[in-house]
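Read-outs throughout are calculated quantities, based only on the coordinates presented, and are distinct from any laboratory measurement. Values in this document were obtained by computation on a predicted structure and should not be read as measured data. Neighbour counts are summed over all protein chains in view; Cβ atoms, including those assigned to glycine, are modelled from backbone coordinates with ideal geometry.
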Amino acid sequence: MSPNWSNKAQLNYGSQQGTNPWARFPSHARPIATAPITSQPLRIFDATGKSQWALHHNDCWRVLAPYKDRYTGQTTWRMNGDMIGNAVAWASS
């Protein structure tokens, strides 16, 4: 039996998006180089398309997490110590 040759890829690893790398992000996402460095929390996307609320602090993006006060029941958002290592995009909401 002889092998069949083709000029097209025969393997599809995961959910390949073709030639558009921005297809995994929402339409309003912008490149991370344009992100404002302010005290306002932003939605930061990593290379896989996962997003988290974060602040720019000490030259890196720090993840924000909700903490609930057990006495008053009020929820506050604080940095939990995690960093987003490969931030590629941002959105304001």
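Starting from the 7 Å offset along Cα-to-Cβ, what nm value, one decimal, do you get for the label separation of residue 74 and residue 48?
3.5 nm
How much FRET efficiency would the formula 1/(1 + (r/R0)^6) give for residue 92 and residue 24, where r is the Cβ-Cβ distance and R0 is 22 Å, rounded to 0.05?
E(calc), rounded to 0.05, equals 0.75.
With each label point set 7 Å from Cα along the Cα-Cβ vector, what nm distance links residue 82 and residue 7?
Taking the simple label geometry, residue 82 and residue 7 are separated by 4.6 nm.
If contacts are Cα pairs under 8 angstrom and at least 6 residues apart, what is the relative contact order of the stretch 16-93 in percent?
Dividing the mean separation by the residue count of the stretch 16-93 yields 33 percent.
If you take mean projected area of the Cα convex hull in nm² from the coordinates, which of (1) 4.9; (2) 10.2; (3) 8.7 do you get?
Evaluating mean projected area of the Cα convex hull in nm² on these atoms matches (2).
Which one, 74, 33, 52, projects farthest toward the positive side of the charge dipole computed for the stretch 26-91 from Cβ point charges (K/R +1, D/E -1)?
74
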